[in-house]
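FYI, it's all coordinate maths here, none of it is from the lab. Not measured: the values here are computed from a predicted model. Note: ideal-geometry Cβ built from the backbone for every residue, glycine included; neighbour counts use all protein chains shown.
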Amino acid sequence: MSIGTYIKTGIITLTWIPVLATVCDHVAFFGHIEGSSMKPALNPDASLGWTDTVWLKKWGIHKPGSIQVGDVVLLRSPDDPEKILAKRVLAVGGDEVVTRKTYPRPVCRIPPNHIWAEGDNIHSIDSNNFGPVSTGLIIGKASNIVFPFNRFGPVPNGGREARLSHLNRYHNSLKAKELEDETDK
């Protein structure tokens, strides 16, 4: 190959670097899940040295309604912005959530543009420790597990069915009370 071919290849490669950087920062990228806070849905085999890598959707995640209850998100820790956390969304702006004992109040109404995020592992550090999280701290929404290959597929619901059903019962009782109040008028 001639020197001209090397220069041409180098220039073409350099022109694609900003495109790739933009895609990685704003469209989608891979996210590596560390720790046990999302166990058993993510990293169920962490003791064997396998950790999950997920496909993160970044495009449009800050639009209203793009993050919904049940989504798994990667976000910056409100306590330490250098730390990235993987959590499941249990409530969005306007919702009320029954908190666990680590939170100072038994019920919390989520402010607009905030979420309530908890790990699937009951011992995780999450909104019960630091409260509602601004949607501006969300980095991306995990849609699929891409590695290890034997776990390839959508991110499972996993692990917190009892907690979610408790929250659903609470919301249903609130709705029933509202209906009862309306019929009494």
Order of Asp95, Asp126, Asp45 under a 10 Å beta carbon neighbour criterion, fewest first: Asp45, Asp95, Asp126
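Hey, fewest Cβ within 10 Å first, where do Ile84, Ile67, Ile3 land in order? Please list the in-between numbers first.
Working: Ile84 17, Ile67 20, Ile3 7.
Fewest-to-most Cβ neighbours within 10 Å comes out as Ile3, Ile84, Ile67.
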Quick one: Arg151, Arg109, fewest Cβ neighbours within 10 Å first, how do they rank? Arg109, Arg151
Whose amide H sits under 5 Å from the amide H of Val92, counting only residues 5 or more places off or on another chain, with H placed in the peptide plane? Trp116
Run the quick spin-label model on Trp16 and Ser66: label points 7 Å from Cα toward the beta carbon, then report their separation in nm to one decimal. 2.6
